[in-house]
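Enquirer: Here's a structure for you.
The values are calculated or read from the model by the stated rules, or taken from the named source; none is laboratory data. Keep in mind the model is a prediction, meaning the values are calculated, not measured. Please note: Cβ atoms are built from the backbone with ideal geometry, for glycine as well, and neighbour counts cover all protein chains shown.
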Amino acid sequence: MRKLYDLFIEALKGEEKSYTTGSITRAIVLLSIPMVLEMAMESLFAVVDAFFVAKISVDAVAVVGLTESVLTLIYSLAIGLSMAATAMIARRVGEEQPEEASKAAFQAILLGVGISVIISIAGLIWAEDILRLLGGSEQLIASGVGYTRIALGSNIVITLLFLNNGILRGAGDAAAAMRVLWLANGINIVLDPILIFGWGPFPEMGVAGAAMATAIGRGIGVLYQFYLLTKAGSRIRILWRHIQVQAEVIKRLINVGATGAGQFIIASASWIFLMTIIARFGSEAVAGYTIAIRLLVFTILPSWGIANAAATLVGQNLGANHPERAETSVWQAARYNMYFLLTVSVVYFFAADWLLGFFTQEEAVVKAGVTSLRIICTGYVFFAYGMVISQAFNGAGDTRTPTIINLICFWMLEIPLGYVLAIPANLGLAGVSMAIAISETTAAVLCVIIFRRGAWKLVKI
């Protein structure tokens, strides 16, 4: 027991940065603990945010759901670029070239800022049109457009938060990335009720207050990241000599990041199409589905922590020319992830009514949420392998393979199947949920088959 405690404390301190030698199980634990805790805080915020927003109105929850279906596109760009930075920096760390890793980090930040400025302008101008396009009623738009405008307009902090944490993970400093997200989301949670309900001297902002709390919390988190990336003693330290445009590095980041973003944009766009189908069944269906997704995210995000650990291990071990160690690390991480999500799926299936009732007493909303939660979580065991192996491809710099898998499973399978089951087959929200479980399971099976072939070991970045 003492050894487990010591290992836990060592993981939180994050003193070890290179994982190319020694016990693979120990490496997975040291990387996974801070990454899981990092994602746990992100998922906790998602649930707390949904709890407070649900106290406003059904339309408030619905506008959050509609806006987040668009925000997932922004997340996709940020994750894609973050993925490229993680892969490149992990490879340079494995090759023992920290100076080159620092140069790559600055180029990634430069690229992220440029992309996010364009998105901010578009979000501020067309917020109302975006909600209308997604099927929001005029009443919903009038009451919730402030949330959408703030959320989209402040996307630079979303992009940089993902990107900078990707840099830290690639360097093996998962503990620092964890501290950043705990700080950012801790501030979010505190500010949420203050700005939503107007506690103390603060004005009551309603659902827009939730977006403002997020922007402030993540903004402070980004400032802390820049401190970590410039302070003495950091594995990745950006200095004045690194602040220069390097076209070749940017080109490589774009090549990897574009397909990396593509795989998540494909998945995110499918969620938008599914949301437009669900919107046909009313605000109650959208609200119930949104709460169910928040609950699913509560466990999926920590699970992504294990997947991110696998990505770092793959990148560093390929850089150190240890491909077999990289492969073994992935299978072990996937197995641990499966144990975790199998346990969660059982809890969600049998406690769905109680969990949804915690957020709202609206009978129609609870019914919709329970339906979504129970059906989608049946595929959790397959999700476990799919997400770890997909991230392993990304950690190797092979972002193309998961992109093709997502294109097949989400656009060619999930969207048409969701439409057919929901409307012609008259299954409604249950049909959409079935389509999600089926497509995610199919994606996981394809990931396993392709990963076994081993072509990812030969990717250069």
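Enquirer: Quick check on this structure: which one of 386, 357 is modelled with pLDDT of 90 or more and either out of contact with any strand residue (DSSP E or B) (no Cβ under 9 Å at 6 or more places or on another chain) or under 30 Å from residue 288 (Cβ atoms) (or both)?
Expert: 386
Enquirer: Working carefully through the options 81, 71, 4, 31, find the one that is without any contact (Cβ under 8 Å) to a residue 40 or more places away in the chain, closer than 23 Å to residue 305 by Cα and part of a helix (DSSP H, G or I).
Expert: On inspection, the qualifying residue turns out to be 4.
Enquirer: Taking segment 225-237 as the region of interest, how many residues are surrounded by 18 or more Cβ atoms within 10 Å (Cβ to Cβ) and part of a helix (DSSP H, G or I)?
Expert: 3
Enquirer: When both residues are 6+ apart or on different chains and their Cβ atoms are under 7 Å apart, which pairs have a first residue that lies in segment 267-288 and is crowded, with 21+ Cβ neighbours inside 10 Å and among the hydroxyl-bearing types (Ser, Thr, Tyr), and a second that is modelled with pLDDT of 90 or more and assigned to a helix (DSSP H, G or I)?
Expert: 270/410; 270/411; 270/414; 270/415
Enquirer: I would also like to ask the following. Can you find even one residue in segment 47-67 that is polar (S, T, N, Q), over 23 Å from residue 357 (Cα atoms) and out of contact with any strand residue (DSSP E or B) (no Cβ under 6 Å at 6 or more places or on another chain)?
Expert: If we filter segment 47-67 for residues that are polar (S, T, N, Q), which is where we start, we get 57, 67.
From the residues that got through so far, the ones that are over 23 Å from residue 357 (Cα atoms) too are 67.
Subset that is out of contact with any strand residue (DSSP E or B) (no Cβ under 6 Å at 6 or more places or on another chain): 67.
The answer is yes, given that some residue of segment 47-67 is polar (S, T, N, Q), over 23 Å from residue 357 (Cα atoms) and out of contact with any strand residue (DSSP E or B) (no Cβ under 6 Å at 6 or more places or on another chain).
Enquirer: A further question on this structure: Residue 297 - would you say it is over 30 Å from residue 70 (Cβ atoms) and either surrounded by 21 or more Cβ atoms within 10 Å (Cβ to Cβ) or touching a helix residue (DSSP H, G or I) at 6+ places or on another chain (Cβ under 8 Å) (or both)?
Expert: Numbers: over 30 Å from residue 70 (Cβ atoms): no; either surrounded by 21 or more Cβ atoms within 10 Å (Cβ to Cβ) or touching a helix residue (DSSP H, G or I) at 6+ places or on another chain (Cβ under 8 Å) (or both): yes.
Taking the combined requirement at face value, the residue does not satisfy it.
Enquirer: In this structure, is residue 330 in a helix (DSSP H, G or I), farther than 30 Å from residue 394 by Cα and at pLDDT 90 or above?
Expert: Working: in a helix (DSSP H, G or I): yes; farther than 30 Å from residue 394 by Cα: no; at pLDDT 90 or above: yes.
It is false that residue 330 is in a helix (DSSP H, G or I), farther than 30 Å from residue 394 by Cα and at pLDDT 90 or above.
Enquirer: With the structure loaded, tell me whether residue 366 is buried (at least 19 other Cβ atoms within 10 Å of the Cβ) and closer than 15 Å to residue 447 by Cα or whether it fails that test.
Expert: no
Enquirer: Same structure again: Suppose we filter 403, 371 for residues that are touching a Ser or Thr at 6+ places or on another chain (Cβ under 6 Å), buried (at least 22 other Cβ atoms within 10 Å of the Cβ) and either of a type in the set (S, T, N, Q) or in a helix (DSSP H, G or I) (or both); which single one remains?
Expert: 403
Enquirer: Next question. Scan 452, 374 and give me the residue that is under 23 Å from the mean Cα position of the chain (by Cα) and free of Cβ contacts under 8 Å to residues at least 60 places away in the same chain. Walk me through how you get there before you give the answer.
Expert: Working: 452 fails: under 23 Å from the mean Cα position of the chain (by Cα).
Matching residue, one of 452, 374: 374.
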